[in-house]
Each structure stands twice: as C-alpha cells, then as structure tokens.
Amino acid sequence: MQTAPVSFAARAKKALGDAAMRGAMAEVKGKFISARAQAAAEYGDFESLRERGKQIREQSINEMPALLRQFEQNAQAAGARVFWAANAEAARKITVAAARHHNAKLAVKSKSITGEEIRLNGALEKAGIKTVETDLGEFILQLAGEEPFHIIAPAMHKRREEIAKLFAQNNIGEGGEDIAALTRSARKHLRAQFLAADIGITGANFLFADIGAAMIVTNEGNGRLAATLPKVRITIAGIDKIVARFSDSADLLALLTRSATGQKISNYVTVASGARNGDCNDGSEEGPRHHYIILLDNGRSAMRKSEMREMLRCIRCGACMNHCPVYHAVGGHSYGPAYMGPMGQVLIPALRGINYMPDLPHAATMCGACEVVCPVKIPLPGLMRKLREKQVKEKTRPFAESAAVFLWTFVCLRPRLYNFAAAAMAMFLRLAGGGSKVRRLFFLPGWFSARDLICPPGRTLAQMLKKENR
Ligand code: SF4
C-alpha cells in the first residue's frame, strides 16, 4: 500500500517538547526492562526457549498457506465462518456486513492491534454501530480520542490526573484521582456495555491450525467477556498469527508474557474455536451463537516473499520498544498507525510501502537492544538496514545525503586525502568549539539542533599516536 508520506522527524520533534509525556515515560520505562530481565533469569535457559520460539514461528511462515487452509477447515467444522480479507478495506467491509446481518447497534471490542491497523472503529461508527473499547488503556484512549502509544500498554503515557479528568468529562464514576476507584468506575461502566452488546470483536494472539482455534491473552479478562458474552463474535487476525500445533502454545506463551510484562503467564488465556455448541453437556448458554473469523492479508503474503519475511515471526510482545532508546525519547505517537518502536520501523514500511514514512528505518541508534530481547530472534537492526539499502537503490534518499555519502566514500578510498581532510576538520572543530563545545555547524544544522559536541583537541587520533610513538 502506498499513501502520502508522513514525517517521523516532525512527529518526534513535537513529542520531544511534550514534557508530560516524557515525564510519564521516565517513570515507567525501567519497569518493563527489569521485569523482563528477572522473568528471563528465573526461567533458566531462556536462550533455548527463544531459539524454540524462532523455530515454531519459522515453521508458521514456511507452511503458512497449508496451515491457514487447515485452520479454516477445522474452524468451520467447529461452527465458525471463515473469511479471507486481502486488504484493510475488505476486512472492514466483512466486519460491517456481519454486524449489519445481525442488526448490531453496539459492539464491544477487546484490544486488537490488527483492528487498529485496518482502522476498524471508524468504519463501524460510520455504519452506525457504536464501538466500545474494553481494555482499560484502550478505553481511556477512546475517551481521549488518541491512538495507542504502546502495543501492550496503550495508555502508558497517561497520568492519573488526566484519566480522572477524562472520566469526569464523560460522567464515568464519582470523581477523584484514586487509581483503584478509577478502575472500579471503568469496570462498572464496561460491564454494562458487555451485557448490552450485540457483537464482541477480538483479535487473536495465535491461530492454531490443528484445532482451528484462536487464542487471546489479556490481563483484565475483557477479551474473554467480549468473546463469550455477546451472541455474535468476530475475530480479526493477521494471517501471520498462524501456528501449526496447539501443543506449541506453552512455549509461545512462556515467551510472550515474560518478554512483554515479565509475567509467567497472563491472567486470562482464552482458546476458542467455532460457535457455541448447541449440544453442550451442561445445557449452558455460554459462548457466541455465531463466530466470524476474518483472516487478514494486507501485505503479509508479499512480505513472506520479500526480504522482510523474518518480521512475520513477530508475536507482538513489545519488548523491542521497551528496550529502544529512541522509543523512550519520542514515545509511541511518533511512529505510524498501530505499530511503533523497532517492530513498527520494519512492519510499517513492509505493510504500507517504503516511502510512506521514509525516515522511519533511520530512527534508530543501531544499538541492537531490540534484537537481543526479541523472543523470536528477529534481526530488527538488520531489517532496518535492508530497508535503508532499498531506499538507496531506489534513489529515494535526499540529494544532500547521497552527495555527502559519495564525498565521504571518495575521501575514504584515498588515504592521503583522508589524512589531510581529517587533520583539517580536527583543526576546524577546535576553532569552532572555542575550547568548550561545538554548538552549531552551518553544514549540519539538523544534527546540532538537538546535540552539541565536546571540543576536540585539534589533532586526529593518528597524529596523537604518531607523536606518542616518537
Ligand atoms: S519484533 Fe520481537 S520484540 Fe518486537 S514486538 Fe515483535 S516479537 Fe516482540
């Protein structure tokens, strides 16, 4: 998909000036890191588990078409109706058509990044179907009219005062800023929505081909309520969520929850296949009577055949963004829709086209932390480098950058010229710094707009070593 370009740099610049967001990030950023580190250490041989996770997900990608067909057969045998959506528009149309078929007026939705990817809420609202987010973070953001800031903790940038204000503006709860009371108010409000809803919409963490079932994990139980209380359930999942065997779920869950929040397991793990079985032994009325499963492609099949293939291993744990210094500084709203941090830097260009947000693959320090913590060993920095190479091959980088790289290469390939240029630059920087710091250079205005440079000694390292060795 190719749409008008969006500037990461412009969004990041705005975010850097948001003191409230940066303060909130400073408070929470270390918690995810230490929780994951402790959980991995307690597990024991976490590296072998990561390797196992990589192999499971590689099998998913290798056998994806056959596994998806197997999933479709088994899910339909269990009473679900499976639809294939080639793109976001098709997925929106199928969802709206299913909702209209059941004359739905109210939908409850559990957190779904795929739903964000296809902009589902807007389509449902346009069709006259009120849609209520039921994950607490997503619910807060829906009230605020904002997009998720993080895939696991979508409202992590919101402070309690802001949330209290939002609740008061929307007549939710009794007022006050007590966190427990705010949570109780949200729960009470959302319980009524669950009971009144005509349809429940969920994503899926994994789709198991051998049993035709979708797994969702949540900490609040809202996913299970959305999946089971309304008479109609709609599951929307990217085709990359497919996994061959349900027996692999233990390893995948162990990786997912430890990498995401440091938990051994999420509070709620729900596995469901088709619709409610009319022959329930206990005669209960639990479970939806109709279950529609929408399998979304939206660029994933093309990714499978491209250099970005390994990105399809992603299990959406969020560990890469939790450990990314750039994400910590600029927050989740600087990236594209739905996906953020290092995974977004690869996934967004892969799904929306390389030129949608052309500076996205460059928003990295290349420290490699994301790859080190990724539970399925996705080489994120390497994939970003491939995206950069593609931009160079397609000649879409700015002329000034290409000219500078050309000049740099020309000089570096000529040692005498390099030594002369380096010595001249060392002297120049010494003069520009005036003995303290270099604060601006006319030919690098962007670089110095957010940084300064300690004044160099006026000689190159080679010159200093030469002098030492005399
Ligand atoms: S890329 Fe890896 S670390 Fe990042 S969300 Fe996906 S699985 Fe988690």
Checklist outcome for this item: Expressed in µm² per second, the diffusion coefficient of the stretch 128-194 from the Stokes-Einstein equation, with Rh the Kirkwood radius over alpha carbon pairs, at 25 °C and 0.890 mPa s, is 203
Next on the checklist: Restricting to Cα pairs below 8 Å that are 6+ residues apart, what does the relative contact order work out to for the stretch 44-301? Please round to a whole percent.
Outcome noted: 29
Next on the checklist: Given contacts defined as C-alpha pairs under 8 Å and at least six residues apart, what's the relative contact order of the chain, whole-number percent?
Outcome noted: 21
Item to check | Spin-label model distance (nm) - Lys105 vs Ala423, 7 Å beyond Cα toward Cβ | outcome: 8.5
Next on the checklist: Straight-line reach from Lys395: which lysines fall under 29 Å, measuring Cα to Cα and dropping same-chain residues less than 8 apart?
Outcome noted: Lys13, Lys14, Lys305, Lys386
Checklist entry - Using the beta-carbon distance between Lys165 and Asn267 and R0 = 35 Å, what value does 1/(1 + (r/R0)^6) give for FRET efficiency, to the nearest 0.05? => result 0.80
Checklist entry - Let a ≥ b ≥ c be the square roots of the eigenvalues of the Cα gyration tensor of the stretch 399-468; is it rounded (a/c under 1.5), or, if not, prolate (a/b larger than b/c) or oblate? => result oblate
Checklist outcome for this item: Taking His291, His101 and counting other beta carbon atoms within 10 angstrom, the fewest-first order is His101, His291
Checklist outcome for this item: Magnitude of the Cβ-charge dipole (Lys and Arg +1, Asp and Glu -1) of the stretch 339-470 about the Cα centre, nearest 20 debye, reported as 440
Checklist entry - Among Ser436, Ser402, Ser249, Ser112, what is the fewest-to-most ranking by other Cβ atoms within 10 Å? => result Ser436, Ser402, Ser249, Ser112
Checklist entry - Could you give the nm distance between label points at Thr409 and Glu125, where each point is 7 Å from its Cα heading toward the beta carbon? => result 4.8
Next on the checklist: I need the shape label for the stretch 103-256. Rule: rounded when a/c is under 1.5, else prolate if a/b > b/c, else oblate, with a, b, c from the alpha carbon gyration tensor.
Outcome noted: prolate
Item to check | Stokes-Einstein D for the stretch 207-261, Kirkwood Rh over Cα pairs, 37 °C, 0.692 mPa s (µm²/s) | outcome: 260
Next on the checklist: For the pair Ala462/Glu63, report the inter-label distance in nm, with labels modelled 7 Å from Cα in the Cβ direction.
Outcome noted: 5.7
Checklist entry - So how many Å³ per residue does the convex hull of the Cα atoms of the stretch 44-301 work out to? => result 139
Item to check | Cα pair distances of the chain binned at 20 Å [whole percent] | outcome: 21, 51, 21, 6, 0
Checklist entry - Sorted from fewest to most neighbouring beta carbons within 10 Å, what does the list Asp45, Asp240 look like? => result Asp45, Asp240
Item to check | Kirkwood Rh in Å, taken over all unlike Cα pairs in the stretch 68-135 | outcome: 13.0
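Any read-out appearing in this document is the output of simple, stated calculations on the displayed coordinates, not a laboratory observation. On a predicted model such as this, the values are computed, not experimentally measured, just so you know. Cβ sites come from the backbone with ideal geometry, for glycine too, and all protein chains shown count toward neighbours.
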